[in-house]
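Every number here is computed from the coordinates shown, using simple stated rules; none is lab data. It should be emphasised that the depicted structure is a prediction, and the values quoted were computed from it without experimental measurement. FYI the Cβ positions are ideal-geometry reconstructions off the backbone, even for glycines, and counts take in every protein chain you see.
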Amino acid sequence: MSARDLSVAVCGAGPAGLAAALRLHSAGASVTVFDAAPHAGGRTRTDAADGWRIDPGVQLYSASYARFFGLLGAAGAGALAERSPGRDALWRKGRAHEVVYGSPTSMLASGALPLQLKLRMGAQYLPYLQRHGGDLDLGALERAAAAGLDAESIAAWGRRELGRDFVDLLAAPLLATLYGTLPDEASAGFYHALGRQGLNLEVRALRGGADGFCRAAADRLREAGAALHLSTPVSEVHTAEDGVQVSGEGWNERFGAAVVALPAPEAHRVAKFLTPEAAKTLHGVSVRPAASLALLLDRPAGVRWFGLSFAPGEARNVAAVCVQENKVGGLVPPGKGLLVVFALPDAARRLLGATADDALALLLPDVARALPGVDRAVVGARFYDWRDGWTIFSPGSLGRLPALRSLAWDSAPRAVLAGDWMYAPTVEGAVTSGLAAADRLLSRVA
Ligand SMILES: Cc1cc2nc3c(=O)[nH]c(=O)nc-3n(C[C@H](O)[C@H](O)[C@H](O)COP(=O)(O)OP(=O)(O)OC[C@H]3O[C@@H](n4cnc5c(N)ncnc54)[C@H](O)[C@@H]3O)c2cc1C
């Protein structure tokens, strides 16, 4: 059998599923995509409200995301990617200190970090990242484990090697804002790989919203004759003789093969073809909720930075406030403003299933302290939550990634898993998993 005779169901229209669908389609397979949500995009969705375009996630992409940008171009949407200014700030001792993370000159000049920490960064940490450069790759985190960097948390490593300020002022804000986790639960190797990627200063965003990739991929697939079934949750995927059986409430379809591209807990629930060992391993993937609140403003926020994160203890419930008019064009109507506020991991847990009013009550006081008077500019609020928001790459987990991937791909001959949890909690991780899953299937039918 060749790929041309293959019909494949792709469950999940996030970056992982759509990457797999594009690869399968270009190999000649006939593709049908299912998603539970009424839109493609998964956690990269962009919401529209009265002229604003809201990215509920940070959704900044390092220039090093080669597979993601390659596929964005192949989907005809390469021009959407624009350089984002990358200017951030840290709230410390009652004020915002501007800093460009990753830029040694900016970090040395910024009041965000105490002198002792700056000296240690220059003399110890940057050389450490350079020295271990070959072991620190977000696309192959198992290399950090092989180099012995996955045995402890970044909190334990940082306190011992660089001091408490490193953990509180660098690791904690970055991890809480961009990865929904805390220094005590994140692997040192994972943080070092992020640090290494952060040395590449070019960050990009998609003009008009982060869902630009998924929308372009979905359009391209539709134009080529693929079927996209939105608002269609999949409840079970079974392997059958010479194929798979995909079913939801009141429907059941047969395909030659399937890619299940869902967050790990959902994949565990839906994929009935897993071996007991694969199911157990998938169940062990640790996942945390995420939550954000968009505040539509009747004026720009009036600051230069994009992301303001808070040093531990400086905010009760907020990890960061991101000023969307300073991220990329096409998000905020002229003369208006848009803040997206990210909850700290514990607050995100408490806010699951909450209303925008609940989220406002919990998060606005921290925001108003950092941006006095902003509460009077709010003309609308939208709340977003994700039960399966973030996969936690905890100590010991990096070394298990290759085995996790084998179990996810080799449980059944005609069905494979994909998802950011197999590589890294980024769109690049998701796209890498989707392409790899598609290749795995194709190699079996060739
Ligand atoms: C708050 C936040 C901020 C982020 N910021 C960044 C960032 O700055 N940079 C970056 O690179 N990454 C960022 N990410 C991570 C990035 O969004 C994810 O890594 C990526 O979206 C994962 O893609 P995925 O396809 O694996 O999963 P998802 O995007 O979650 O897609 C899964 C899809 O499956 C669908 N689905 C679920 N259950 C079912 C079912 N039973 N049947 C059918 N469909 C189903 C969902 O509706 C969804 O569309 C952020 C994430 C969050 C939560």
Based on DSSP H runs of at least 4 residues, each adding -39500 (n - 2.57), what is the mean residue ellipticity at 222 nm of the chain after dividing by all its residues, to the nearest 500 deg cm²/dmol?
-> -9500 deg cm²/dmol
Can you list, bin by bin at 5 Å, the percent of alpha carbon pairs in region 1-50, starting at 0?
-> 5, 22, 26, 18, 13, 9, 4, 2, 1, 0, 0
Identify the trypsin sites (Lys or Arg not before Pro) of region 293-359 meeting these criteria: DSSP loop state and at most 14 other C-beta atoms within 10 Å of the C-beta.
-> Arg304, Arg316
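Would you mind ranking Val203, Val318, Val260 so that the residue whose beta carbon has the fewest other beta carbons within 10 Å leads the list?
Val203, Val318, Val260
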What is the local net charge at Val100, summed over the other residues whose Cβ is closer than 12 Å to its Cβ (Lys, Arg +1; Asp, Glu -1)?
-> -1
Full-extension gain in nm, Ala403 to Asp298, via 0.36 nm per residue minus C-alpha separation = 32.7 nm
What net charge do the residues around Arg45 carry, taking every other residue with its C-beta under 10 Å from that of Arg45, with Lys and Arg at +1 and Asp and Glu at -1?
-> -1
Using only the alpha carbons of the chain, determine the length spanned along each of the three principal axes and report them from longest to shortest in whole angstroms.
-> 65, 51, 38
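Which net charge results when you count Lys and Arg as +1 and Asp and Glu as -1 among the other residues whose beta-carbon is under 10 Å from that of Leu113?
Cβ neighbours under 10 Å give a net charge of +2.
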For Ala320, the residues 5 or more places away or on another chain with a placed amide H closer than 5 Å to its own amide H are Phe342
Go through region 210-224 residue by residue and turn each phi into a ³J(HN,Hα) via Karplus (6.51, -1.76, 1.60, θ = phi - 60°); whole Hz please, and just put x for glycine and proline.
-> 5, 6, x, 5, 5, 5, 5, 5, 5, 4, 4, 5, 4, 4, 8
Sorted on mean Cβ neighbours within 10 Å (highest first), peptides 226-233, 390-397, 419-426 come out as 419-426, 390-397, 226-233
Read phi for every residue in region 143-155 and hand back ³J(HN,Hα) as whole Hz from Karplus 6.51 cos²θ - 1.76 cosθ + 1.60, θ = phi - 60°, with x for Gly and Pro.
-> 5, 5, 5, 4, 8, x, 9, 10, 8, 9, 7, 5, 5
GluC sites (Glu not before Pro) restricted to region 249-287 and DSSP loop, no more than 11 other C-beta within 10 Å = Glu249
Using a Gaussian network model of the chain with C-alpha springs under 10 Å, which one of Ala218, Ala264, Ala377 is most mobile by mean-square fluctuation?
-> Ala377
Quote to one decimal, in nm, the extra length available between Ser247 and Glu277 on full extension: 0.36 nm per residue of separation minus the C-alpha distance between them.
-> 8.4 nm
For region 105-196, what relative contact order do you get, as a whole percent, if you take Cα pairs closer than 8 Å and at least 6 residues apart?
-> 35 percent
In Hz, Karplus ³J(HN,Hα) per residue of region 361-376 (6.51, -1.76, 1.60; θ = phi - 60°; x = Gly, Pro) | 4, 7, 9, 4, x, 5, 5, 5, 5, 7, 10, x, x, 5, 4, 6
If Val259, Val234 are placed from fewest to most neighbouring beta carbons inside 10 Å, the sequence is Val234, Val259
Amide H contacts under 5 Å for Val33, restricted to residues at least 5 apart in sequence or on another chain and with H modeled in the peptide plane, are Val10, Ala227, Leu228, His229
Quick one: Debye curve from the C-alpha atoms of region 105-196, no solvent, what's log10 I(q)/I(0) at q = 0.13 Å⁻¹?
-> -0.40
Dipole of the chain [Lys/Arg +1, Asp/Glu -1 at C-beta], most positive-end residue of Tyr125, Ala438, Gly42 = Tyr125
Out of residues 5 or more away from Ala415 or on other chains, whose amide H comes under 5 Å of its own, with H placed 1.01 Å from N in the peptide plane?
-> Ala258
